[in-house]
1. Going through segment 49-65 one residue at a time, which ones are more than 22 Å from residue 81 (Cα to Cα) and surrounded by 11 or more Cβ atoms within 10 Å (Cβ to Cβ)?
2. Would you say residue 89 is in a helix (DSSP H, G or I) and either surrounded by 12 or more Cβ atoms within 10 Å (Cβ to Cβ) or in contact with a helix residue (DSSP H, G or I) (Cβ under 7 Å, 6 or more places away or on another chain) (or both)?
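The values are calculated or read from the model by the stated rules, or taken from the named source; none is laboratory data. Everything quoted here is computed from the prediction, not taken from an experiment. When we count neighbours, we look across all protein chains shown, and the Cβ atoms used for this are built from the backbone with ideal geometry, even at glycine.
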């Protein structure tokens, strides 16, 4: 009878630990998505400011050649900025996913260990 009770206690403990891991994982995911949203807002604000400055600069040019040069420069800067921001968001997203999955991965490892010890 002791084995059955001991096994039941392990089962209850496993369920409790799993539930705690899901809560922690969800919490980390929410925090991470908040970070991503903040970073998106900063990027949007900077983009609007850069666009405003670019439009003002384009209206201030005096010759078609100056306009073409400035337009090329602005296009290059825009592409470089988009690539850099894309990398930044990819890295941030990856770190959020990794952090959110960590508690769940720990529970999977614990379950695998429990199965191995029971076998």
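1. 61
2. yes
Yes/no matrix, rows are residues, columns are (1) part of a helix (DSSP H, G or I); (2) within 17 Å of the chain's Cα centre (by Cα); (3) modelled with pLDDT under 95:
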{"residue": "8", "(1), (2), (3)": "yes, no, yes"}
{"residue": "13", "(1), (2), (3)": "yes, no, yes"}
{"residue": "16", "(1), (2), (3)": "yes, no, yes"}
{"residue": "30", "(1), (2), (3)": "yes, yes, no"}
{"residue": "35", "(1), (2), (3)": "yes, yes, no"}
{"residue": "66", "(1), (2), (3)": "yes, no, no"}
{"residue": "70", "(1), (2), (3)": "yes, no, no"}
{"residue": "106", "(1), (2), (3)": "yes, no, yes"}
{"residue": "114", "(1), (2), (3)": "yes, no, yes"}
